[in-house]
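Novice: Structure below; questions to follow.
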Amino acid sequence: MTRMLTVLAAALTFMQPASAGLFSDDDLATARELRERALERDGGFEIVADLTTRIGPRMAGTEADAKAVAWAEELLNDIGFDRVWLEPVTFDTWHRDYERVTVRAPGVDEQELVSLALGFTPATPEGGIEAEVAMFADLAALEAAEPDEVEGRIVFIANRMERSRDGSTYGPAVQARSRGPQVAADMGAEAIVIRSIGTSNNRFAHTGMTRFDDETQAIPAVAISNPDADQLERMVALGEPVTVHVDVGAVYSEPYTSHNVIAEITGSESPEKIVALGAHLDSWDVGTGALDDGAGIAIITEAARLILDLDERPQRSIQLIYFAAEEIGLLGGRVWAEKHHENFGNYQLGAESDFGAGPVYEIGARVVDEAWPVIEAIQAELEPLGIDLGGREASGGPDFIPSLPHGLAVVDLRQDGTDYFDYHHTENDTLDKIDPENLAQNAAAYAVLAWLAAQSPIDFGSGPELLEQLDQ
Ligand SMILES: [Zn+2]
């Protein structure tokens with residue numbers, strides 16, 4: 001009997017996952033303490049409430065952008081980070097003045113459609129543009145059209161974004177916004193109207209970036225709300241020519257210099273090695289940027305504040321990066337990658353929170369093979385928060401995408417985004433959409449992640465090492 005038990009015990013030891021015993025008992029106890037403390041307080045919610053109340057919308061290149069940077073510097077210094085500094089990010093700017101879209105058809109009274117101009121769209125000539133509508137089911141249908149169906153018309157792309165927990169339905173749908181205006185311009189359209197890339201059935205239009213290869217050939221581009229897009233579709237279905245009038249006021253301005261704001265908890269043993277948590281400080285000009293991305297700012301800051309409150313310092317350094325000008329092209333992220341990629345051997349992990357305030361349900365990571373057991377061990381401490389182990393593909397969030405070609409190891413703490421695109425980039429992105437309990441769950445997850453990543457006995461392999469493994 002005793003012998004059998006010994007054999008059984010040996011077999012059980014053998015079956016233990018590679019992640020067992022990676023972290024010391026003390027480090028695991030601290031991770032659990034961080035997790036529990038995060039859930040007991042509303043520290044994150046206070047931060048996003050303060051940002052959205054004092055500053056409100058803070059589009060890159062506006063006065064509010066500068067105020068947000070000053071707000072951030074003051075907050076991070078008040079919290080007591082070891083170092084706080086700014087890194088400049090310079091870019092061209094654009095701002096919205098107004099937009100108005102109306103529609104007419106035989107037997108139909110003239111009506112206004114709720115709209116928002118897309119970012120970096122040109123103004124219409126004085127008095128606006130009026131033309132017959134050419135409607136297409138999606139971008140592919142527009143691309144397949146004959147030029148004479150489009151020339152001199154106002155294009156309407158009707159595709160609807162479907163709802164999804166992981167947000168994967170956004171990428172395909174957003175093509176209509178990012179590429180549709182250029183395609184329509186190339187085919188001789190006068191202007192373009194798209195159905196909002198969002199899932200709300202309220203009358204809020206969804207803005208966002210569009211880009212033209214050549215700004216001199218840019219055409220005015222606006223999004224209309226989902227119910228207004230339905231209305232326009234029904235009018236077209238009546239079978240008579242439908243005329244749309246688009247009037248947009250918008251201004252391109254001089255280059256502006258904003259800043260990535262960075263704060264550090266300096267590591268006690270390997271301060272040169274860094275765990276980087278990101279979020280973006282800018283927002284669109286509509287709403288108050290509560291979900292996008294005040295929530296992310298709050299989550300990572302609260303997580304780091306919990307770690308600063310400990311009696312001990314982490315072994316490696318932890319940095320917060322509040323990225324500038326994400327909404328208008330990941331500009332802060334691009335500058336950061338350019339400035340720091342030669343030092344990526346010292347960057348352990350990047351993880352950005354930029355998907356609203358829904359609860360985290362899964363962790364995924366892009367790390368070297370040797371470090372995957374560390375991710376498994378971190379997930380074991382996230383399990384009580386309802387966070388499952390995902391796969392070995394991750395982007396780290398939008399602002400770390402420019403760092404991926406340089407081999408940055410990244411983690412995704414994937415949030416439930418079922419409702420995110422009801423509010424994203426609309427006037428309806430406001431503080432009341434944030435559930436403080438969900439925000440605290442996020443802060444708990446980031447605190448556990450940052451702490452254990454900073455204490456990990458194994459490096460995550462950022463830089464050439466990871467690139468080599470991914471190549472194989
Ligand atoms: Zn965002």
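Novice: Inside segment 155-246, counting only helices (runs of 4 or more DSSP H) that do not spill past its ends, which hold 2 or more residues that are in contact (Cβ under 8 Å) with a residue 60 or more places away in the chain and touching a strand residue (DSSP E or B) at 6+ places or on another chain (Cβ under 7 Å)? Reasoning before the result, please.
Specialist: Values: elements: 170-178, 180-186, 226-237.
Result: 226-237.
Novice: Suppose we filter segment 302-321 for residues that are over 14 Å from Ala454 (Cβ atoms) and either within 13 Å of the ligand (Cβ to nearest atom) or open to solvent by 10 Å² or more (accessible area, probe 1.4 Å) (or both); how many remain?
Specialist: Going through segment 302-321, the residues over 14 Å from Ala454 (Cβ atoms) turn out to be 302, 305, 309, 311, 321.
Checking the rest, the ones that are also either within 13 Å of the ligand (Cβ to nearest atom) or open to solvent by 10 Å² or more (accessible area, probe 1.4 Å) (or both) come to 305, 309, 311.
Counting residues in segment 302-321 that are over 14 Å from Ala454 (Cβ atoms) and either within 13 Å of the ligand (Cβ to nearest atom) or open to solvent by 10 Å² or more (accessible area, probe 1.4 Å) (or both) gives 3.
Novice: How many residues, within segment 328-361, are acidic (Asp, Glu) and either under 23 Å from Ile375 (Cβ atoms) or crowded, with 24+ Cβ neighbours inside 10 Å (or both)?
Specialist: So the first thing to find is which residues in segment 328-361 are acidic (Asp, Glu), and the list is 338, 342, 352, 354.
Checking which are either under 23 Å from Ile375 (Cβ atoms) or crowded, with 24+ Cβ neighbours inside 10 Å (or both) leaves us with 352, 354.
Here the count works out to 2.
Novice: When the residues of segment 385-403 are filtered to those that are over 15 Å from the mean Cα position of the chain (by Cα) and either open to solvent by 30 Å² or more (accessible area, probe 1.4 Å) or among the basic types (Lys, Arg) (or both), which remaining residue is farthest from Leu330 (Cα to Cα)?
Specialist: The extreme case among them is Gly386.
Novice: Mind listing whichever residues of segment 262-284 are within 16 Å of the ligand (Cβ to nearest atom), assigned to a loop (DSSP other than H, G, I, E, B) and touching a strand residue (DSSP E or B) at 6+ places or on another chain (Cβ under 6 Å)? Lay out the reasoning, then the answer.
Specialist: We begin by selecting, within segment 262-284, every residue within 16 Å of the ligand (Cβ to nearest atom); these are 277-284.
Right, trim to assigned to a loop (DSSP other than H, G, I, E, B) and you get 281-284.
Within segment 262-284, just Leu281 meets the criteria.
Novice: Consider segment 459-472. How many of its residues are surrounded by fewer than 16 Cβ atoms within 10 Å (Cβ to Cβ) and part of a loop (DSSP other than H, G, I, E, B)?
Specialist: Just the residues of segment 459-472 that are surrounded by fewer than 16 Cβ atoms within 10 Å (Cβ to Cβ), to begin with: 464, 468-472.
Filter once more, so that each one left must be part of a loop (DSSP other than H, G, I, E, B): 472.
Residues in segment 459-472 being surrounded by fewer than 16 Cβ atoms within 10 Å (Cβ to Cβ) and part of a loop (DSSP other than H, G, I, E, B): 1 in total.
Novice: In this structure, does Pro384 turn out to be out of contact with any strand residue (DSSP E or B) (no Cβ under 9 Å at 6 or more places or on another chain) and away from the ligand (no atom under 16 Å from the Cβ)? Step through it out loud before you land on a result.
Specialist: Numbers: out of contact with any strand residue (DSSP E or B) (no Cβ under 9 Å at 6 or more places or on another chain): yes; away from the ligand (no atom under 16 Å from the Cβ): yes.
Spelling it out, Pro384 is indeed out of contact with any strand residue (DSSP E or B) (no Cβ under 9 Å at 6 or more places or on another chain) and away from the ligand (no atom under 16 Å from the Cβ).
Novice: Residues of segment 28-72 being at pLDDT below 95 and either aliphatic (A, V, I, L, M) or open to solvent by less than 20 Å² (accessible area, probe 1.4 Å) (or both), which ones? Steps first, answer last, please.
Specialist: First, the residues of segment 28-72 that are at pLDDT below 95: 41-43.
Hit for segment 28-72 is Gly43, nothing else.
Novice: Quick one: Val183 ticks every box in (1) under 24 Å from Asp282 (Cα atoms); (2) at pLDDT 95 or above bar one, so which box is it?
Specialist: Of (1) under 24 Å from Asp282 (Cα atoms); (2) at pLDDT 95 or above, only one is false for Val183: (1).
Novice: OK, next. Are there any pairs, at least 6 apart or on different chains, whose C-beta atoms fall under 6 Å, with the first in segment 447-460 and closer than 14 Å to Ala409 by Cβ and the second acidic (Asp, Glu), and if so, which?
Specialist: Ile458/Glu370
Novice: Could you tell me which of the residues Ala351, Ala337 is in the same structural domain as Arg41 (by TED's automatic domain parsing), under 26 Å from Ser19 (Cα atoms) and more than 14 Å from the ligand (Cβ to nearest atom)?
Specialist: Ala351
Novice: What pairs can you find where one residue is in segment 127-151 and of a type in the set (Asp, Glu), the other is in a loop (DSSP other than H, G, I, E, B), and their Cβ atoms are less than 6 Å apart, with a gap of 6+ or different chains?
Specialist: Glu132/Arg153; Glu132/Pro241; Asp138/Asn159; Glu151/Gly188
Novice: While we're looking at this one, here's another question. Take Ile299 and decide whether it is within 16 Å of the ligand (Cβ to nearest atom), in a helix (DSSP H, G or I), closer than 30 Å to Trp94 by Cβ and open to solvent by less than 10 Å² (accessible area, probe 1.4 Å). Let's see the steps before the verdict.
Specialist: Details: within 16 Å of the ligand (Cβ to nearest atom): yes; in a helix (DSSP H, G or I): yes; closer than 30 Å to Trp94 by Cβ: yes; open to solvent by less than 10 Å² (accessible area, probe 1.4 Å): yes.
Taking the combined requirement at face value, the residue satisfies it.
Novice: Further question on the same structure: Quickly run through segment 105-119 and pick out the residues that are loosely packed, with under 14 Cβ neighbours inside 10 Å and small (Gly, Ala, Ser). Even if it seems obvious, please write down each step before you answer.
Specialist: Step one: list which residues in segment 105-119 are loosely packed, with under 14 Cβ neighbours inside 10 Å, which gives 106-107, 109-110, 112.
Hit for segment 105-119 is Gly107, nothing else.
Novice: Just checking, does segment 300-321 include any residue being farther than 30 Å from Asp26 by Cα, at pLDDT 95 or above and aliphatic (A, V, I, L, M)? First the steps, then the outcome.
Specialist: Of segment 300-321, the ones farther than 30 Å from Asp26 by Cα are none.
Within segment 300-321, none of the residues are farther than 30 Å from Asp26 by Cα, at pLDDT 95 or above and aliphatic (A, V, I, L, M).
The values are calculated or read from the model by the stated rules, or taken from the named source; none is laboratory data. Computed from a predicted structure; not experimentally measured. Positions of Cβ are generated from backbone atoms using ideal geometry, with glycine treated the same way; all protein chains shown enter the neighbour counts. Note: accessible area is taken over every heavy atom of the protein model, side chains too, but ligands, DNA and RNA are not part of it. Shrake-Rupley method; radii C 1.70, N 1.55, O 1.52, S 1.80 Å.
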